[in-house]
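For reference, the structure discussed in these notes is given below.
The values are calculated or read from the model by the stated rules, or taken from the named source; none is laboratory data. Here the structure is a predicted model, which is why all the values come from computation and not from measurement. Using ideal geometry, Cβ is built from the backbone for each residue, glycine included, and neighbour counts are taken over all protein chains shown. When the accessible area is computed, the model is the full protein with side chains, heavy atoms only, and any ligands, DNA or RNA have been set aside. Shrake-Rupley method; radii C 1.70, N 1.55, O 1.52, S 1.80 Å.
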Amino acid sequence: MEILVTGGAGYVGSHACKALANAGYTPLVVDNLSRGNTHAVKWGSLYEGDLRDTAFLDKIFRDHDIQAVLHFAADSNVAESVVDPSKYYKNNVAGSINLVESALNNRCDKVIFSSTCQVYGTPNKLPIVEDDPKLPVNPYGHGKLLVERMLRDCDEAHGLRSVSLRYFNAAGADPQGDLGEEHHQESRLIPLVLRVAAGIREAVEVYGSDYPTQDGTAIRDYVHVTDLVDAHVAALKHLEAGGETTALNIGTGRGYSVKEVIDTARTVTGRTIRTNIAPRRPGDLPELVANCERAARVLDWQPSVVAIEDIVETAWRWQCRAQ
Ligand SMILES: NC(=O)c1ccc[n+]([C@@H]2O[C@H](COP(=O)([O-])OP(=O)(O)OC[C@H]3O[C@@H](n4cnc5c(N)ncnc54)[C@H](O)[C@@H]3O)[C@@H](O)[C@H]2O)c1
């Protein structure tokens, strides 16, 4: 069964291809390689191209018998979205509109969409449940919420069923060492911290030490990438079994502060990790932690890795291998 994986040369998408192949599916990767790596496409074939190119997408759908789409392709740097919003609306929203139109034109009626906890904005209580208010505070979150809305409307209008998975923070690497997080320009905490541990960077910036949290640094819920991609396979099976369009939080229900993550990395690596305290970044929030009971109920999914030590350990093994 052929599954289109947009952004399959990127971090989460490449791990998803492995999970799909292990579950008996054939992944077809579409990626413009703006952030992804050709060598990360180890399961299925790579079609290099852009979601904003309608003719390119239509040809892929026409040439294959695509049963469903796993839609990862997007730009995903919150701070960049604040300073360059049109880039985010053009890529993440317009790209998704093209993709959905191509899918509909070619009778593909199932989509799993990579949404984000950024759709909630500043939560009024923790942990966050799916029905909590959705008031994004940055263009990245606004764009993802718009795509979720479009997908629901396309179910009403055309019967296109979808699962929007609202990831909290994806982290870690493939435990077999086949894949990991690998970006030319890294913006995410754990890979940056591990680059400092590996001696590739001098220090890591800690953005904000005056948040209303126990140690003043921002708290995030880190979900291991292999658990996250298992949730995608479960979501695909949910749609195949006739399940309804829905949106689900994917996290662990446990938050760690930036300081706790750095201290954990010091313990796991046994290395010195220098930090520079910097001001808060625009668009960043103090604390985001998921309630994942709905995903447990609908997908029979639960994270298998919850301890931050275990998550950092897989990422460190990848970092050491990648050098
Ligand atoms: N990593 C996280 O913590 C996290 C959290 C919440 C949501 N998400 C979402 O999950 C998805 C995957 O995230 P990731 O961490 O793997 O990101 P990533 O940057 O590693 O992967 C995205 C991939 O999409 C490709 N791409 C971007 N725009 C494209 C376009 N127009 N056409 C074709 N390919 C394009 C990039 O080259 C890259 O390979 C994204 O949609 C992101 O917004 C990620």
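Over the chain, the alpha carbon radius of gyration divided by the compact-protein estimate 2.2 N^0.38 Å works out to 0.95.
Per residue, the Cα convex hull of the stretch 212-285 amounts to 128 Å³. Annotation: per residue accessible area for the chain equals 42 Å², rounded to a whole number [probe 1.4 Å, protein chains only].
Compactness ratio for the stretch 26-68: Cα radius of gyration over 2.2 N^0.38 Å (N = residue count) comes to 1.15. Here the Kirkwood formula, the inverse mean of 1/r across different C-alpha pairs, assigns the stretch 143-258 a hydrodynamic radius of 16.8 Å. Heavy-atom accessible area, probed at 1.4 angstrom with all protein chains present, ranks ARG62, ARG220 as ARG62, ARG220, highest first.
Subtracting the Cα-Cα distance of ASP63 and GLU186 from their residue separation scaled by 0.36 nm leaves 40.8 nm. Highest-first packing order for the peptide set 281-293, 139-151 is 139-151, 281-293, based on the mean count of other beta carbon atoms within 10 Å.
Compute a Gaussian network model of the chain, connecting alpha carbons closer than 10 Å, and tell me which residue from ILE60, ILE311, ILE112 fluctuates the most. Of the options given, ILE60 has the highest mean-square fluctuation. Annotation: amide H of ASP75 within the under-5 Å range of ASN92, sequence separation 5 or more or interchain, hydrogens built in the peptide plane. Fully extending the segment from VAL129 to ASP263, taken as 0.36 nm per residue of separation minus the present Cα-Cα distance, adds 45.3 nm. What a 1.4 Å probe finds exposed on the chain is 47% carbon and sulfur by accessible area, rounded to a whole percent. Given in Å, the Rg to one decimal and the Dmax to the nearest whole number for the Cα atoms of the stretch 177-318 are 16.7, 52.
The translational diffusion coefficient of the stretch 263-323, from Stokes-Einstein at 20 °C and 1.002 mPa s with a Kirkwood hydrodynamic radius over alpha carbon pairs, comes to 143 µm²/s. Extension gain for ALA94 to VAL298 (0.36 nm times residue separation, less C-alpha to C-alpha distance): 70.5 nm.
With contacts taken as Cα pairs under 8 Å and at least 6 residues apart, the chain reaches a relative contact order of 19 percent. Considering only ARG161, ARG274, ARG152, the mean-square fluctuation computed in a Gaussian network model of the chain, springs between alpha carbons under 10 angstrom, is largest for ARG274.
Computed over neighbours whose Cβ is under 12 Å from that of CYS108, the net charge equals -1, Lys and Arg +1, Asp and Glu -1. Over the stretch 1-110, all Cα pairs binned in 10 Å intervals from 0 give whole-percent P(r) values of 16, 48, 30, 6, 0, listed from short to long. Among ALA157, ALA173, ALA19, the largest mean-square fluctuation in a Gaussian network model of the chain, built with springs joining Cα atoms closer than 10 Å, belongs to ALA157.
Working note: 222 nm ellipticity from helices only, DSSP H runs with n ≥ 4, each -39,500 (n - 2.57), summed and divided by the residues of the chain, gives -11500 deg cm²/dmol to the nearest 500.
From most to least packed by mean Cβ count within 10 Å, the peptides 256-266, 126-136 give 256-266, 126-136. Across the cross-link table entries LYS90/LYS110; LYS18/LYS125; LYS59/LYS87; LYS42/LYS134; LYS110/LYS259; LYS110/LYS134, which are compared at the Cα atoms, the separations over 30 Å belong to LYS18/LYS125; LYS42/LYS134; LYS110/LYS259. The Cα atoms of the stretch 169-224 give a gyration tensor whose axes a ≥ b ≥ c have a/c of 1.5 or more with a/b no greater than b/c, which makes the shape oblate. Pairwise Cα distances in the stretch 141-197 exceed 17 Å for 59 percent of all pairs.
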